[in-house]
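The values are calculated or read from the model by the stated rules, or taken from the named source; none is laboratory data. Just so it is clear, the structure is predicted and the values come from calculations on it, not from any experiment. A quick note on method: Cβ atoms are made from the backbone with ideal geometry, for glycine too, and the neighbour counts reach across all protein chains shown.
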Amino acid sequence: MHTDDRRFAGLTGEVDQIHHESMAVMADEFADVPFGEVAKAAGPGRRDLLRRAAAGGVMLTIGAMVAPIRNLLPAAWAELPPDDGELAQFAAGLELAAVAAYGAALDTDTLSLSVENVAKMFAGHHRQHADALNGALGEELAVTKPRSSILRSFAPKISAAQNEKAVLEMLYQVEEAAAATYLFAIGEVSDVRSAGTLATILPVESQHATVLATVLGKEPSEYLVEFLSTDQAAKPADFPA
């Protein structure tokens, strides 16, 4: 696969700038985010949505990806909707799983130098997102390990990939799943400050996916969002801790 290094560098430079700007915003705002508070204030409508999500009855559409929410959310949420802290813990576990996925990609030794450098950059972004979420959660609630069920769904396929294009395709799917998860979580948190925090991370995950899709030569219609609905979404239900 031929990579236009100059264009690739330009795209990734823009993403890195967006990431650093978002981290600066989070540093100012995370202290006021009530992720560490336990407050299960889900109303009937939200409880019903989460139950249907965990059962696979809700789909998330983002770009060309259409997947059942239960493929991302803990099954237990079907019985007891999560509070904002639990949503943040899930997001932190997802971020650490993304870090591990990029580590698996680097271990394949299939990546060119330019792509390898970008993989390290994106992994660093995910690590910093996890650190920021954990900082807001506090030491007692912090997540230190990747969400193993999420990692299991990607890592073996990445390790088995035979070439750079196949590896990048899997990483693209990781990023789309991450963006989709944040999109869903923003609609589920009970506190507007929590939603704002998650919304700060979402654009970076989306830009990761966009860069990888561009390098893979995908048509914009495959990865740019044209229509979104909370009745059509992708989430974490088959991923127990």
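Out of the stretch 157-174, which residues are of a type outside the set (A, V, I, L, M, F, W, C), part of a helix (DSSP H, G or I) and modelled with pLDDT of 90 or more? Lys157, Ser159, Glu164, Lys165, Glu169, Tyr172, listed by residue number.
Take the residues of the stretch 86-116 that are surrounded by fewer than 19 Cβ atoms within 10 Å (Cβ to Cβ) and touching a residue at least 60 places away in the same chain (Cβ under 8 Å): which is farthest from Ala161 (Cα to Cα)? Restricting to residues being surrounded by fewer than 19 Cβ atoms within 10 Å (Cβ to Cβ) and touching a residue at least 60 places away in the same chain (Cβ under 8 Å), the top hit is Ser114. Contact annotation: residue pairs with Cβ atoms under 7 Å, 6 or more positions apart or on different chains, pairing a residue in the stretch 163-190 that is under 15 Å from Ala104 (Cβ atoms) and in contact (Cβ under 8 Å) with a residue 12 or more places away in the chain with a partner that is part of a helix (DSSP H, G or I) and aromatic (Phe, Trp, Tyr), are Met170/Phe154; Leu171/Tyr102; Val174/Phe154.
Among the residues making up the stretch 134-156, a single one is within 17 Å of Ala97 (Cβ to Cβ), assigned to a loop (DSSP other than H, G, I, E, B) and small (Gly, Ala, Ser): Ala142.
The set of residues from the stretch 150-163 being buried (at least 19 other Cβ atoms within 10 Å of the Cβ) and not small (Gly, Ala, Ser) comprises Ile150, Leu151, Phe154, Ile158. When Arg127 is tested against (1) closer than 13 Å to Leu212 by Cβ; (2) surrounded by fewer than 19 Cβ atoms within 10 Å (Cβ to Cβ), exactly one condition is not met: (1).
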